[in-house]
Amino acid sequence: MNPSFAGKILRRHLLAAAAAIALVPSAFAQAPIVIKFSHVVAMDTPKGKAAAYFAKRAEELTKGRVKVEVYPNSQLYKDKEELEALQLGSVQMLAPSLSKFAPLGVKEFEVFDLPFIFDDYADLHRVTDGPVGKGLLAKLETRGITGLAYWDNGFKVFSANKPLKAVADYKGMKMRIQSSKVLDAEMRALGALPQVLAFSETYQALQTGVVDGTENPPSNLYTQKMYEVQKNLSVTNHGYLGYAVVVNKKFWDGLPADIRGQLTQAIADATKVANDHAFADNQEALIKVKAMGKTEIYIPTPAERLALKKALVPVHQQMTSRIGEETLRAIYKETGFDPSKL
Ligand code: LMR
């Protein structure tokens, strides 16, 4: 072979190989780490907005090394399935309501479901920002889950197709609840018949009469259009519903330290978004439900609310052994709540 021709071929091969080598590492470097973030509510809720903000912020702070895919509205998984999917690593991140952690064996989380335990967000934040909140998140580690933050939603209202004013009005009502023994006890204390249903099944269950009523913060009731199938809503603010943002522990621990730091910052920023929206969105949702003209909104009188409180606070004592005396006392200490002074 003509030596200059052979040299040309060799050069060409070398160039092609160099180009291929140059491509390979950059292709790897550019493949982003994907976080699938699944949740069950609408995008236009405090949780939906915070998840979307987290996705944007995580991509910004990691300069595209992380891509967050948010799947709202039970698109991927319903309540119970999503926690299983997280443990299996099919999704990396969730923000289930605090009521949904007991089936994993961390029953103490149901303390947040106790009726009338928090008067307002300030009471709640003393708990979630303090040692009790941190201690509860730490209990998830043995379940393969790392707790990153608490996100607010709000205080719950009762709804049905009849006015709910006196305690007696709840008697015999089939009420949809989340999978929490405390919520079960709450409904039974009112003489109602609790029924656990996935959030995504609630609208249809109300529509078809499988259940008569439910409880939720107004933002959930409005964005799921429950006002179409509930004629009456009572602004009882009798309990709290909020979230824990959780991640698959193995995934989290396996991330490069700089990325974990940037994601921690993104979560902190998204927490602010969730909490800033929570109060306003729930107030606004009540106004929007009213404007739809299908649901009568009732504000209980102080005497009616006190009667409800007296009927429901005994649930605290009833559930103490399930939740743990220590957790309950620690929360009373933070909030100043004294069940003996009603
Ligand atoms: C519910 O099931 O009622 C809520 O937990 C839904 C949610 O995530 O806000």
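Bear in mind these aren't lab numbers, they're just calculated from the coordinates by the rules spelled out. Predicted, not measured: the structure shown is a model, and the values here were computed from it. Don't worry about glycine lacking a Cβ; one is built from the backbone with ideal geometry, like all the others, and counts go over all protein chains shown.
Taken along the Cα-to-beta-carbon direction at a fixed 7 Å, the label points for Y332 and N161 span 4.2 nm.
If R0 is 56 Å, what FRET efficiency do you get for E296 and I259 from their C-beta distance, rounded to 0.05? That pair, E296 with I259, gives E of 0.65. Annotation: amide H of K165 has no partner in the under-5 Å range at sequence separation 5 or more or interchain, hydrogens built in the peptide plane. Relative to the dominant Cα principal axis of the chain, helix 3-30 is inclined by about 10°.
Between E84 and D119, residue separation times 0.36 nm minus the direct Cα-Cα distance comes to 9.3 nm.
Relative contact order of the chain: 24 percent, from C-alpha pairs under 8 Å at least 6 residues apart in sequence.
Looking at the chain, the pairs of alpha carbons with a distance over 33 Å make up 33% of the total. Computed from backbone phi with θ = phi - 60° and the Karplus coefficients 6.51, -1.76 and 1.60, the 3J(HN,Hα) list for the stretch 103-119 is x, 7, x, 9, 5, 4, 4, 5, 4, 5, 7, 4, x, 6, 6, 10, 7 Hz; x is used for glycine and proline. Where in the stretch 137-176 does the label zone of A307 land, with the point 7 angstrom along Cα→C-beta and an amide N cut-off under 14 Å? Residues passing the 14 Å test: 163-171. Around the amide H of G154, modelled in the peptide plane, lie the amide H atoms of L241, all under 5 Å away and 5 or more residues distant in sequence or on another chain. Residues whose amide H comes within less than 5 Å of that of L148, counting only those at least five positions distant or on another chain, are V245, V246, V247 (H built at 1.01 Å from N in the peptide plane). Each residue of the stretch 129-134 is assigned a 3J(HN,Hα), and the resulting list reads 7, x, x, 5, x, 5 Hz, derived from the Karplus form 6.51 cos²θ - 1.76 cosθ + 1.60 (θ = phi - 60°), x at Gly and Pro. Maximal additional length on extending the Q204-R143 stretch stands at 18.7 nm, based on 0.36 nm per residue less the C-alpha distance. Checking the Cα-Cα distances for K231/K333; K56/K250; K67/K181; K47/K250; K47/K181; K139/K162 against a 29 Å cut-off, the pairs over it are K231/K333; K67/K181; K139/K162. Taking the chain as a Gaussian network of alpha-carbon nodes connected by springs under 10 Å, the highest mean-square fluctuation of the residues K156, K165, K47 belongs to K165. Note on V196 and D129: their simple-model spin labels are 3.4 nm apart, each label 7 Å out from Cα toward Cβ.
Helix 257-292 and the long axis of the chain differ in direction by around 40°, with both axes built from C-alpha atoms.
Between I287 and L342, the modelled labels are 3.5 nm apart [label points 7 Å from Cα along Cα→Cβ].
Against the longest principal axis of the chain, how steep is helix 79-88, in degrees 0 to 90 to the nearest 10, with axes from Cα atoms? Once rounded, the angle reads 30 degrees.
Highest average first, the peptides 333-340, 30-37, 217-224 ordered by how many other beta carbon atoms sit within 10 Å of their residues are 217-224, 30-37, 333-340.
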